[in-house]
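The values are calculated or read from the model by the stated rules, or taken from the named source; none is laboratory data. Here the structure is a predicted model, which means the values were calculated and not measured. When we count neighbours, we look across all protein chains shown, and the Cβ atoms used for this are built from the backbone with ideal geometry, even at glycine. We work out accessible area using only protein heavy atoms, side chains counted, and drop any ligands, DNA or RNA first. Shrake-Rupley method; radii C 1.70, N 1.55, O 1.52, S 1.80 Å.
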Amino acid sequence: MRAENVLGVGTTAVVALLVLPPLAAVAAGGTAGGFAPLHHLDIVGNTLLLAFGATAGALLIGGGLALALVRGVPGGAMLERLVVMPLYLTPLLTAIGWSWLASPHSGLINLLLRDTFGLPLTVNIVSPGGVVLVTALAATPLPFLLISDALRGIDVAMLEAARVHGAAPLLVLRRVTLPLLLPAALAAALLVMVQALGMFSVPAVLGLPAGFPVATTQIYQLLDNYPPRIGEATAWGGLLLGIAALLLLAQSALLGTRSFATITGKAFRPSTKPPRAKVLRAGFAWLYVALATVLPIAALLWAASVAFATADVRLMRFTAQHFAYVLFAYPKTWIAVGNSVLLGALTATLVSLIGVAVAWVVLRGRGRGRPVLDHLSMLPLSMPAMVFALGLLWVYVRLPLPIYGTLGILLIAYVTHYLPFGVRAASAALRQLHPELDEVARVSGATWLHAMRRISLPLLRPTVIAAWALLFVMAMQEVSSSILLYSSRSVVLSVAVFDLWENGNPSDVAALGFVQLAVGFVVVGLLLRARRDAALA
Amino acid sequence: MTVTFPVKAASAALHIEALVVAHGTTRVVHGLDIQARPGEVVTLLGPSGCGKTTTLRAIAGLETPLQGRIAIAGNTVFDAATGIDLPPERRGLSMVFQSYAIWPHMTVFDNVAFGLRARGAKRAYIADAVRHSLESVGLAQLADRPATRLSGGQQQRVALARSIACNPGVILLDEPLSNLDAQLRLAMRAEFKALQRQLGLTAIYVTHDQEEALVLSDRIVVMRDGKVEQSGTPAEIHDAPASRFVADFMGVRNLLPCRIARDGGHLLALLAGGVALPVRGPAPDSPVCIGFRPSAVVLSRDPVPGACTATLTGATYLGDTMQYELAAGPLTIHARVQARFAMAEGAAVYWSVPPEACFLVPA
């Protein structure tokens, strides 16, 4: 068989083996659990409230940010980077940060309101509303990116034409801009909704104490008990899977065959309108950056370095004891750091490799199974990570493979979950490469393998390195599937943080969370630096 | 084509005074004055970067000028002095964009109806007006088709129908034919001209194509570096360019420095190498260039009284015509003649230019 065909068949086999067995297991096991969700319709309701609420919030904020930033604001380039920071930040830490900011009794904001200003006001983030809000804030970058892309693709002449033909700005927005953004918005809505359905850390941190359980926290608690009630848990997983499938159907029904390829004309030009509107738009973006990133992280840092929580500056005592505890006394820290870095690096590497292979086979291959591979590799996007982990439990507990309870099962879960990101990045890069670059090498006498090694792969390298860094940071922070699959030997940082959250001193949690952030950024910083040095040499 | 389109008794006119537009710190339009009478097509003609599109966008209200005044149908829509600046939707205009800007999420009907709906017209009137405008561009049968399923030429027609449907005071057209292939461009040009005459539309037409400008315009405004270089009827611009720039832009390839001498009652242009060409007055008092088109040059193999001698140095076959390059002493003369007048390179020829085909421009 030729090398090209080996790649096609091999890639399809690997992706199918990764994606299909856990899915089948959940689908089959979901019906075996005695329809547990039917007896807890309130939890089903909570889950849907979180999914729809967070999606509406993330779409509104993300779409608003895209509209605000696309026409240019002061400091726009920096804002665009800051706005997507939550991509690199696990919602677990955002939620913990927010609980420090606005838990009803000891939250910093409430201490300030009550003790310093003496106002009878309480901001309570430990509530259903708080869960929805923090989830929406964490999920906003995705709609922002997708809608920004769509906006940039719109020929500005279409909006100007509407103005000249008599439509005031609001009418242009309603009749032209928003309808043109609909496909991107629906795609974003689906992704966010799946993310919110499978969101574990935010409802676990901010919802459970407020009596607001959702499907994911239910799954966790069912499995955390002894004996684990895996059947019931899987029934909940089946419910999430069913909802996700319905969403997928709804999206394709709504969109139909509509796709507005409008990438024809001139791009948005900086608006010439007075600066007041620009400042207003920049202010909106800064507010988002503050709420989604700066405030919770600052609260974490503050919490990790004070002896006790107070808003009174005279009483504040700074201490290194929390950092000292998590770095030197807490037994799990260093095992977890090692595991997380190893898992992050392996996941990023494997996902990049499989991603390039899939993108190549789908975009450049000639096999007939290409659409199947394409859909298969994107499937994890429409499946909550926790559902996937459940499926893996079913599959690998039964198989006589020594994988259960090791880093191996976590690696499989991560690779599958993040595969779509790798494929998307690689296809985007491959689309930019004209096939002729590769064809001319073949015509000049190179074998397929030689052309691949000398032409295509080197050209794809910059994108792959960038994708690797993002994948590493994301995998470092994964919570939802890790929490079901870890054992004492394979504990990872995010699980250690959550464990401390449940059983430890809240200030130690903040310190460990900070360690987690730092490890991710140090590794990526070193990588980017090495890459820059290599580029300079 | 039967059109019962509601024609305004007198379409509105446009008046621009001392218009200055800046992009950042660079001024792209410096003190422009343009007038358009009702029912007139005024073309802004010039190379890319001359400020013609910027001027059009300023009229539309898509760019805010720094100084000047713009009035449409007698209503001031922009005046830097008094701070009047109506938004685009309140200027009573329509526009055909270079990229057509057909909205892909609407049907052809919805596209054409947009302006009327936005301005709150009645349903029955909208249906009527849309049908009429689609009929007048020959697309009535496509009303219900999604706008994504249109060819380039059809999109162009929809854009045109959209711009006439709302019965605007002035139609602005920004290089509307430049995205079409050559044949379709000629057809659309003729169609637009017929439609414009029929409906008595007032139009401001931006193009860099001199032929398009000559065919379509009642008046041409040649622009250069944000200023009016010359404005006049197509015949004036074509036959009597006022500057080297306009002459060059209008395809006058022979532009040669000369001195003017009097020979009895006639004027003679004395060129380098002892070449003398009779020209018509009045005699200018500053240094000049003489200009004539290649097609105005008369060639002959045999000596003709008053003709100059030259050597044929280059020949290009263009189908119907031949393009020749002649060396007359230090001068290079471009001539274009019927193809059957074929000569070999290196041949000696005699050439002359009728005085009425020559014009003088400041050097």
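Based on what the data block shows, is A:Ile125 outside any helix (DSSP H, G or I) and either touching a residue at least 24 places away in the same chain (Cβ under 8 Å) or away from chain B (no Cβ under 14 Å) (or both)? First the steps, then the outcome.
Details: outside any helix (DSSP H, G or I): yes; either touching a residue at least 24 places away in the same chain (Cβ under 8 Å) or away from chain B (no Cβ under 14 Å) (or both): yes.
Against the criterion (outside any helix (DSSP H, G or I) and either touching a residue at least 24 places away in the same chain (Cβ under 8 Å) or away from chain B (no Cβ under 14 Å) (or both)), A:Ile125 qualifies.
Restricting to the stretch B:99-114, and then to whatever is of a type outside the set (Val, Ile, Thr) and at pLDDT 90 or above, can you tell me which residue is surrounded by the fewest Cβ atoms within 10 Å (Cβ to Cβ)?
Of the residues in the stretch B:99-114, the ones of a type outside the set (Val, Ile, Thr) are B:99-101, B:103-106, B:109-111, B:113-114.
If we keep only those that are at pLDDT 90 or above too, we end up with B:109-111, B:113-114.
Values: B:Phe109: 20, B:Asp110: 18, B:Asn111: 28, B:Ala113: 24, B:Phe114: 25.
If we take residues in the stretch B:99-114 being of a type outside the set (Val, Ile, Thr) and at pLDDT 90 or above, then B:Asp110 is surrounded by the fewest Cβ atoms within 10 Å (Cβ to Cβ).
Those strands (runs of 3 or more DSSP E) of the stretch B:164-249 in which at least 1 residues are closer than 28 Å to B:Pro355 by Cβ, considering only elements entirely within it, cover B:219-224, B:227-232.
For the stretch A:492-514, the set of residues classified as of a type outside the set (Gly, Ala, Ser) and surrounded by 21 or more Cβ atoms within 10 Å (Cβ to Cβ) consists of A:Val492, A:Leu493, A:Val495, A:Val497, A:Phe498, A:Leu500, A:Trp501, A:Asp508, A:Val509, A:Leu512, A:Phe514, listed by residue number. Filtered by the rule that a residue be within 7 Å of another protein chain (Cβ to nearest Cβ) and on the phi < 0 side of the Ramachandran plot, the stretch B:93-105 gives B:Leu93, B:Ser94, B:Met95, B:Phe97, B:Ser99, B:Trp103, B:Pro104, B:His105.
Being in contact with a Pro (Cβ under 9 Å, 6 or more places away or on another chain) and either assigned to a helix (DSSP H, G or I) or over 24 Å from B:Gln98 (Cα atoms) (or both) is a condition met by no residue of the stretch B:137-151. Scanning the stretch A:316-335 for residues that are under 18 Å from A:Arg489 (Cα atoms), open to solvent by less than 40 Å² (accessible area, probe 1.4 Å) and either touching an Asp or Glu at 6+ places or on another chain (Cβ under 8 Å) or at pLDDT below 85 (or both) yields A:Val326, A:Tyr330. Counting just the residues of the stretch B:16-57 that are among the hydroxyl-bearing types (Ser, Thr, Tyr) and within 14 Å of the chain's Cα centre (by Cα), which one comes out nearest to B:Leu195 (Cα to Cα)? Checking each candidate, the answer is B:Thr43. Taking residues in the stretch B:214-231 that are open to solvent by 60 Å² or more (accessible area, probe 1.4 Å), and partners anywhere that are among the aromatic types (Phe, Trp, Tyr), the pairs with Cβ atoms closer than 9 Å and at least 6 places apart or on different chains are B:Arg224/B:Phe245; B:Arg224/B:Phe249. Scanning the stretch B:254-271 finds no residues that are in contact with a helix residue (DSSP H, G or I) (Cβ under 7 Å, 6 or more places away or on another chain) and open to solvent by 50 Å² or more (accessible area, probe 1.4 Å). Of all residues in the stretch B:46-92, those being modelled with pLDDT under 90, closer than 15 Å to B:Ile34 by Cα and at the interface with chain A (Cβ under 10 Å from one of its Cβ atoms) number 0. Taking the stretch A:202-222 as the range and being within 24 Å of the chain's Cα centre (by Cα), more than 16 Å from A:Ala95 (Cα to Cα) and of a type outside the set (S, T, N, Q) as the test, the residues that pass are A:Ala215, A:Ile219, A:Tyr220.
Does the stretch A:389-407 contain at least one residue that is modelled with pLDDT under 90, touching a Gly at 6+ places or on another chain (Cβ under 7 Å), open to solvent by less than 10 Å² (accessible area, probe 1.4 Å) and in a helix (DSSP H, G or I)? Yes, some residue in the stretch A:389-407 is modelled with pLDDT under 90, touching a Gly at 6+ places or on another chain (Cβ under 7 Å), open to solvent by less than 10 Å² (accessible area, probe 1.4 Å) and in a helix (DSSP H, G or I). Can you name every residue in the stretch B:115-127 that is at the interface with chain A (Cβ under 10 Å from one of its Cβ atoms) and either open to solvent by 60 Å² or more (accessible area, probe 1.4 Å) or assigned to a loop (DSSP other than H, G, I, E, B) (or both)? Within the stretch B:115-127, B:Arg117, B:Arg119, B:Gly120, B:Ala121 meet the criteria. Output yes when any residue across the stretch A:225-238 is of a type in the set (Ser, Thr, Tyr), surrounded by fewer than 21 Cβ atoms within 10 Å (Cβ to Cβ) and either under 25 Å from B:Glu63 (Cα atoms) or away from chain B (no Cβ under 14 Å) (or both), and no when none is. Looking for residues that are of a type in the set (Ser, Thr, Tyr), surrounded by fewer than 21 Cβ atoms within 10 Å (Cβ to Cβ) and either under 25 Å from B:Glu63 (Cα atoms) or away from chain B (no Cβ under 14 Å) (or both), one finds at least one in the stretch A:225-238, hence yes.
When you check B:Ala339 against the structure, is it in contact with a helix residue (DSSP H, G or I) (Cβ under 8 Å, 6 or more places away or on another chain), small (Gly, Ala, Ser) and surrounded by fewer than 17 Cβ atoms within 10 Å (Cβ to Cβ), yes or no? So B:Ala339 fails the test.
Residues checked against (1) aromatic (Phe, Trp, Tyr); (2) modelled with pLDDT under 80; (3) over 30 Å from A:Thr177 (Cα atoms):
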{"site": "A:Ala215", "(1), (2), (3)": "no, no, yes"}
{"site": "A:Trp236", "(1), (2), (3)": "yes, no, yes"}
{"site": "A:Gly265", "(1), (2), (3)": "no, yes, no"}
{"site": "A:Pro270", "(1), (2), (3)": "no, yes, no"}
{"site": "A:Ala285", "(1), (2), (3)": "no, no, no"}
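The helices (runs of 4 or more DSSP H) found wholly in the stretch A:285-378 and carrying at least 1 residues that are among the hydroxyl-bearing types (Ser, Thr, Tyr) occupy A:295-305, A:332-364, A:370-378.
Just to verify a result, which residue in the stretch B:76-89, among those that are surrounded by fewer than 21 Cβ atoms within 10 Å (Cβ to Cβ) and in contact (Cβ under 8 Å) with a residue 12 or more places away in the chain, is farthest from the chain's Cα centre (by Cα)? Don't jump to the end; show me each part of the working.
Of all residues in the stretch B:76-89, those surrounded by fewer than 21 Cβ atoms within 10 Å (Cβ to Cβ) come to B:76, B:79-87.
If we keep only those that are in contact (Cβ under 8 Å) with a residue 12 or more places away in the chain as well, we get B:80-81, B:85-87.
Numbers: B:Ala80: 28, B:Ala81: 31, B:Asp85: 28, B:Leu86: 28, B:Pro87: 27 Å.
The residue in question is B:Ala81.
Search the stretch A:157-184 for residues that are touching a residue at least 24 places away in the same chain (Cβ under 8 Å) and within 7 Å of another protein chain (Cβ to nearest Cβ) and pair each with any residue that is surrounded by fewer than 16 Cβ atoms within 10 Å (Cβ to Cβ) and not in a helix (DSSP H, G or I) when their beta-carbon atoms are under 7 Å apart and the residues are at least 6 apart or on different chains. Here the result reads A:Ala157/A:Lys266, each pair linking the stretch A:157-184 to a residue that is surrounded by fewer than 16 Cβ atoms within 10 Å (Cβ to Cβ) and not in a helix (DSSP H, G or I).
If the condition is being within 14 Å of chain A (Cβ to nearest Cβ) and open to solvent by less than 40 Å² (accessible area, probe 1.4 Å), then the stretch B:128-154 contributes B:Ala129, B:Val130, B:Ser133, B:Ala147, B:Leu150, B:Gly152. Considering B:Ala283, B:Ala296, the condition of being aliphatic (A, V, I, L, M) and over 14 Å from B:Trp351 (Cα atoms) is satisfied by B:Ala283 alone. Of the residues making up the stretch B:11-43, just one is in contact with a His (Cβ under 8 Å, 6 or more places away or on another chain) and surrounded by fewer than 17 Cβ atoms within 10 Å (Cβ to Cβ), namely B:Gln35. For the stretch A:188-205, the condition of being open to solvent by 10 Å² or more (accessible area, probe 1.4 Å) and either within 30 Å of B:Asn167 (Cα to Cα) or among the basic types (Lys, Arg) (or both) holds for none of the residues.
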